[in-house]
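Input: a single structure, listed below in structure tokens.
The values are calculated or read from the model by the stated rules, or taken from the named source; none is laboratory data. On a predicted model such as this, the values are computed, not experimentally measured, just so you know. Positions of Cβ are backbone-derived with ideal geometry, glycine not excepted, and every protein chain shown enters the neighbour counts. Quick note on the areas: whole protein, heavy atoms, side chains included, nothing else; ligands and nucleic acids left out. Shrake-Rupley method; radii C 1.70, N 1.55, O 1.52, S 1.80 Å.
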Amino acid sequence: MAESNFKLKQIGVVMLGVGELARSVAFYRDTLGLGFKGQSEGFAFLDGGGVMLCLSEPLAKFSSQMVGATEVVFSVEDVRKAHQELVARGVQFTHEPGTVTGPMWAANFQDPDGHKLSVFGPETTT
């Protein structure tokens, strides 16, 4: 068998199974502020800053378990500020801002279907 130089180099789409597409679109677009790119039957696409986030009702429907050991991490410039902004928009955090490693902090929350999400970056930019 000949050796190949083929490599997977980039994640283009992260797909999450969701129970109610409209509810999840509102959360990711309106609450979190991701840019809405489009929608088709059972699917919605949002701009994840270099990675497309796809919300999928069919994925949830055909999966035996919707939520697993997966976490979508949003890079931010100021974890405390991101936390304050999201709390003001009604997001309930499961873990308040705290140090993860060195100068990097994180705060954790969930989407309406229970998917684990977090904001990650420096504590503050002041």
Restricting to the stretch 81-109, give me the number of residues that are closer than 22 Å to L16 by Cβ and buried (at least 17 other Cβ atoms within 10 Å of the Cβ). 8
Can you say whether V100 is modelled with pLDDT under 90, in contact with a Phe, Trp or Tyr (Cβ under 9 Å, 6 or more places away or on another chain) and not polar (S, T, N, Q), as far as the supplied structure shows? yes
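One line per residue, one yes/no per condition, for (1) within 21 Å of G33 (Cβ to Cβ); (2) touching a Pro at 6+ places or on another chain (Cβ under 8 Å):
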residue: F62; (1), (2): no, no
residue: E77; (1), (2): yes, yes
residue: R89; (1), (2): yes, no
residue: T94; (1), (2): yes, no
residue: T101; (1), (2): no, no
Report, by residue number, each residue of the stretch 110-124 that is open to solvent by 30 Å² or more (accessible area, probe 1.4 Å), in a strand (DSSP E or B) and either over 18 Å from C54 (Cα atoms) or touching a helix residue (DSSP H, G or I) at 6+ places or on another chain (Cβ under 9 Å) (or both). F120, P122
Are there any strands (runs of 3 or more DSSP E) wholly within the stretch 2-80 with 1 or more residues that are open to solvent by 80 Å² or more (accessible area, probe 1.4 Å), within 21 Å of F93 (Cα to Cα) and modelled with pLDDT under 90, and if so which? 71-75
Between residues in the stretch 26-47 that are in contact (Cβ under 8 Å) with a residue 24 or more places away in the chain and residues that are charged (D, E, K, R) and open to solvent by less than 40 Å² (accessible area, probe 1.4 Å), which pairs lie under 6 Å by C-beta distance while being six or more apart or on different chains? F27/D111
Looking at S64, S75, can you tell me which residue is closer than 29 Å to T124 by Cα and hydroxyl-bearing (S, T, Y)? S75
Residues of the stretch 88-126 satisfying the condition of being under 16 Å from S75 (Cα atoms), under 16 Å from the mean Cα position of the chain (by Cα) and of a type in the set (A, V, I, L, M): A106, A107, L117, V119
